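Taken together, the values in this text are just the output of simple stated rules run on the coordinates, not laboratory data. What you see is a predicted model, and the numbers here were worked out from it, not measured in a lab. Note that each Cβ is placed from the backbone with ideal geometry, even for glycine, and that neighbours are counted across all protein chains shown.
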Amino acid sequence: MTKPNVHPSAIIGKGVRMGDGTEIGPGCVIEDGAVLGCRNKLWMNVYIGPGTTIGDENQIHMGVVMGHVPQDMAFSGGATFTRIGHRNTVREYVTIHRGTKEGSSTVIGDDNFLMANAHIGHNCQLGDRTILVNLATLAGYCVVEDGATLSGMVVVHQSTRIGRLAMISGLSAVNKDVPPFMLCGGRPAVIQGLNVVGMRRAGLPAGVREDIKRAYKFLYRDGLNIPHALEAIERERSSAEARAILEFVRSSKRGICAGLPAARAGQAGIGAEVEGTSEEEETLLPRKPSQGALK
């Protein structure tokens, strides 16, 4: 067992607990009552607010602010919390704010990668293995499910949900829920296809990916309204992943992102097959223009 290694210039509050092997770098401030597990590394000038609990083996880089008061005018100063899991990488100058209503928490799971200057607002919930690229921003009460990726400078409206293994393209503004497994982007963001690469990397079998594709087509390509699309997905009674899309849409309070109009999707090659791709793929690559389109 290796005792915590705390730099002499760090400021440690009352009642702070640290597990074996945790390193606290120069200039760090850890407020009263914070709890850090084992083998964490805090680089220089990290701030950890009161009511923050951090698991094991997290890498917290320079200038991170974790568990500070929320940017919410309704915050009354009550005791609120930040819960961080295990093996997260939190890069330079990320800000993570604690809950706003008394007793509430901002919660981050395990194995997440939060790149420089990302912001996670009060009461957000992140699952496991998510990626927030530089300057991605979550307003309060957002939910990001397991394996989702937010590219650089994505902005997500408060109380919006990003589904499992969804991927949001850079510079997008998301103001509606993004169902699981979707590719999404734009200002405002729209559904542009399926995250085929992400699903394969996650090890989803071909049959499951085909079920997801059918659910996607019911929602976004067959001209059905949402209730009829959900009925069609329900009739399929297919994989758990397709049913997860069904339940996600049913439980949406903000509504889900729209799809591209069929004409625009066809012009862009979105949702269309491209020469050399397999039958199950959706793509954002432009398709070869027809002879008529060149005239």
Point-charge dipole on Cβ atoms (K/R +1, D/E -1) for region 1-71, about Cα centre, debye to 20: 80 debye
Alpha carbon centroid spacing (whole Å) that separates region 1-80 from region 153-200: 31 Å
Electrostatic dipole magnitude of the chain [Cβ: Lys, Arg +1; Asp, Glu -1; Cα centre; debye, to 20]: 460 debye
R0 of 41 Å, Cβ-Cβ distance residue 11-residue 128: FRET efficiency to nearest 0.05: 0.85
Protection proxy ranking, peptides 43-49, 6-12, 59-65, average beta carbon neighbours within 10 Å, highest first: 43-49, 59-65, 6-12
Charge dipole magnitude, Cβ of K and R +1, D and E -1 - region 146-229, Cα centre, debye nearest 20: 120 debye
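As an exercise, use a Förster radius of 25 Å and the Cβ-Cβ distance of residue 202 and residue 236 to find the FRET efficiency, rounded to the nearest 0.05.
Computed FRET efficiency for residue 202 and residue 236 comes out at 0.75.
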